[in-house]
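The values are calculated or read from the model by the stated rules, or taken from the named source; none is laboratory data. In this text the structure is predicted, and so the values were computed from the model without any measurement. When we count neighbours, we look across all protein chains shown, and the Cβ atoms used for this are built from the backbone with ideal geometry, even at glycine. Protein only, heavy atoms only, side chains kept; ligands, DNA and RNA dropped before computing areas. Shrake-Rupley method; radii C 1.70, N 1.55, O 1.52, S 1.80 Å.
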Amino acid sequence: MSWGTELWDQFDNLEKHTQWGIEYVDKYTKFVKERSEIEISYAKQIRNLSKKYQPKKNSKEEEESKYTFCRAFLTSLNELNDYAGQHEVIAENLTSQIITDLTRYLQELKAERKSHFHDGRKAQQQLESSWKQLESCKKKFERDCKEADRAQQHFERMDADINVTKADVEKARQQAQVRHQMAADSKNDYHSYLQKFNQEQHEHYYTVIPNIFQNLQDMEEKRIERLGVCMKTFAEVDRQVLPIVGKCLDGMTSAAEGIEPKTDSNQVVESYKSGFEPPGDVEFEDYGQAMKRTVSENSLSNSRESKEKPAGKSKSKLWPFIKNKNKLMSLLTSPRQPPPAPPASSPPLPSAVPNDPQSPKQPKEPLSHRLNDFMASKPKMHCLRSLRRGGSVPEDFSHLPPEQRRKKLQGKIDELKKDIQKEMDQRDALTKMKDVYVKNPQMGDPASVDPRLAEIAMNIEKLQSEEQKFENWLAEVEERMPSKSETHRKSVIYETQNSTVSNNCAQDRESPDGSYTEEQSAETQVKAVANRTSCAPESDDEFDELETIGTCKALYTFEGQNEGTISVTEGELLYVIEEDKGDGWTRVRRNEEEEGYVPTSYIEVLLETNAKDS
């Protein structure tokens, strides 16, 4: 059906319809634009989400990468990031293939429609102008005919009247003839204009308007077709990224299927295995016997008696299982360095000086010297507590348990080997280049390569020295680690240890900074750790229950600057909660919150049978 023949009289309605069609194109363009903005916003949010949960660049990332479920999650995040990129591709394609195209086409459509309706209005104006001319001719013809009739009637009346002169009658006759002639001319003009108008009107309604309406119809059909193409493109843009989106989803699925619970659970063992042996049997504690407190558990004179008597309240928990390790370290340790000498201005009391001949602690001095020499001669291992306070990690990883230390050392050796191999590859390449320069001097000066070769040789020598150092540490760790054949004897070892726990606790006490010494003697490290920790309290509550064993008076002012010590002023009265163990330090308490070690030579100790009663 053609608009030109069927809608020849619907010019105004067609104008409204075509305007609505253009507005609809503009509406669809806005819809696609908003969809593109949504895709961009969605992609941005997905990217931000992926970035938010990406592992941070720190040591924890290395730990997480060991587990399959962490690697699977990281893979899912990366695939999700690629998935967000496909939504960005959708937005870009919608903009380039639909929005830009429709925006340009919309301008062309508006111009074309305006041109067609301009031609239609022009044709209507021409037809209306012809109609007005026809109406003018018609009215003139009508008017002239009426004038001719009146002139003819006037002539007839003049001619019938006998009183009228002949001249008047002739004048009336001539006037009537003139009117008739004018009517005839108007009739001819009206007839000619009528024919012309009919011809123009026929051409207008059967040629001009149909052509204009046909052009409008073609324009409308093209608009609808273009809109359909855009809608199809709208769907194709999504369909084009579906294969890549499917690959992203397949990657997530594969990553999830690659999770291995057994491997992850075994990795926990690899990450936290210390290399220590489990503790042995706990000794029987007979509370029926009277408990007698010795002056010093570690003195040479009382060491034999402590083997025969029950060890008091022996603790069976090892330090890895203590809830509050910081408090344990603070309570069980005394300062590593020897106590400072008292001020020379006022000599201390004889009973307060450890080296005085009258001092009752004279027998403990050889043990104190040997303990200090032993601790000074052993490599120190800083505990994790001191590392968390900001201390530097030892180069030999001595702050780690044996098994973890072995793994760290092995990893460092592998890194050094890679660096050495890299330097060797550079050396070989430069050597070949130098040979080429020697054979072809025009290509370069062989001497220009020598400085770099010398630098690489120095680097290789330095790296090999580092490698040898770490290999020595590794061999030392592997020698100290108990072999698997000794595992079945662990209960026998710990039964032997239980008899000497009370004597070895003080010798192996940790220092206030949390470091501990590593055994290098014939005794295994397991025995050393067990001796150090078997006297540890089972819970933090036991620390609060430590009773005072006497009082003391500060003879001098002491500024406790090391961790584990406490500052005192001259003349201050304090409670004694732990005697000197032979290392020159006494543990005192000011109140329920403040306690620590002070040099024994700085105080005057008054031991009491029951300090709580006092």
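Alpha carbons only, please: Rg and Dmax for region 1-113, in angstrom.
So, for region 1-113, Rg and Dmax equal 25.0, 83 Å respectively.
Roughly how many whole Å is it from the C-alpha centroid of region 64-137 to that of region 250-280?
55 Å
Report the FRET efficiency, 1/(1 + (r/R0)^6), for Asp238 and His118, where r is their Cβ-Cβ distance and R0 is 30 Å, rounded to 0.05. Mind showing how you got there, number by number?
Working: r = 41 Å, r/R0 = 1.37.
Taking R0 as 30 Å, the efficiency between Asp238 and His118 is 0.15.
Kindly flag which residue pairs out of Lys56/Lys262; Lys33/Lys110; Lys407/Lys469; Lys273/Lys407; Lys56/Lys412; Lys66/Lys262 have an alpha-carbon separation exceeding 18 Å in this structure.
Details: Lys56/Lys262 26 Å; Lys33/Lys110 20 Å; Lys407/Lys469 15 Å; Lys273/Lys407 10 Å; Lys56/Lys412 22 Å; Lys66/Lys262 13 Å.
Over 18 Å Cα-Cα: Lys56/Lys262; Lys33/Lys110; Lys56/Lys412.
State the three equivalent ellipsoid semi-axes of region 88-130, derived from the C-alpha gyration tensor as the square roots of 5 times its eigenvalues, in descending order and whole Å.
Working: eigenvalues 330, 4, 3 Å².
They are 41, 4, 4 Å, listed largest first.
Using bins 5 angstrom wide from zero, how does P(r) for region 122-162 break down, in % of all Cα pairs?
With a bin width of 5 Å, the distribution comes to 5, 22, 12, 13, 11, 8, 10, 6, 5, 4, 2, 1, 0.
At 1.4 Å probe size, with the rest of the protein present, what percent of the exposed accessible area of region 133-193 is carbon and sulfur atoms? Write down the numbers at each step before the final one.
On the way: 2170 of 4470 Å².
Here it works out to 49 percent.
Find which of Asn163, Cys137, Gln153 sits farthest along the positive direction of the dipole of region 129-169, computed with +1 on the beta-carbon of Lys and Arg, -1 on that of Asp and Glu, about the Cα centre.
Working it through, the farthest residue towards the positive pole turns out to be Cys137.
Cα centroids of region 178-216 and region 455-481: how far apart, whole angstrom?
115 Å
If you average the sequence gap of Cα pairs under 8 Å that are 6 or more apart and divide by the length of region 69-186, what percent do you get for the contact order?
Details: 43 pairs, mean separation 29.0, N = 118.
That works out to 25 percent.
Rounded to the nearest 0.05, what FRET efficiency is calculated for Glu572 and Tyr272 with R0 set to 56 Å and r the Cβ-Cβ distance?
Numbers: r = 46 Å, r/R0 = 0.82.
That pair, Glu572 with Tyr272, gives E of 0.75.
According to the Cα gyration tensor, what semi-axes, each the square root of 5 times an eigenvalue, does the equivalent ellipsoid of region 397-439 have, listed from largest to smallest in whole Å? If you can, show how the numbers build up before the last one.
Numbers: eigenvalues 305, 7, 3 Å².
For region 397-439, the semi-axes come out at 39, 6, 4 Å.
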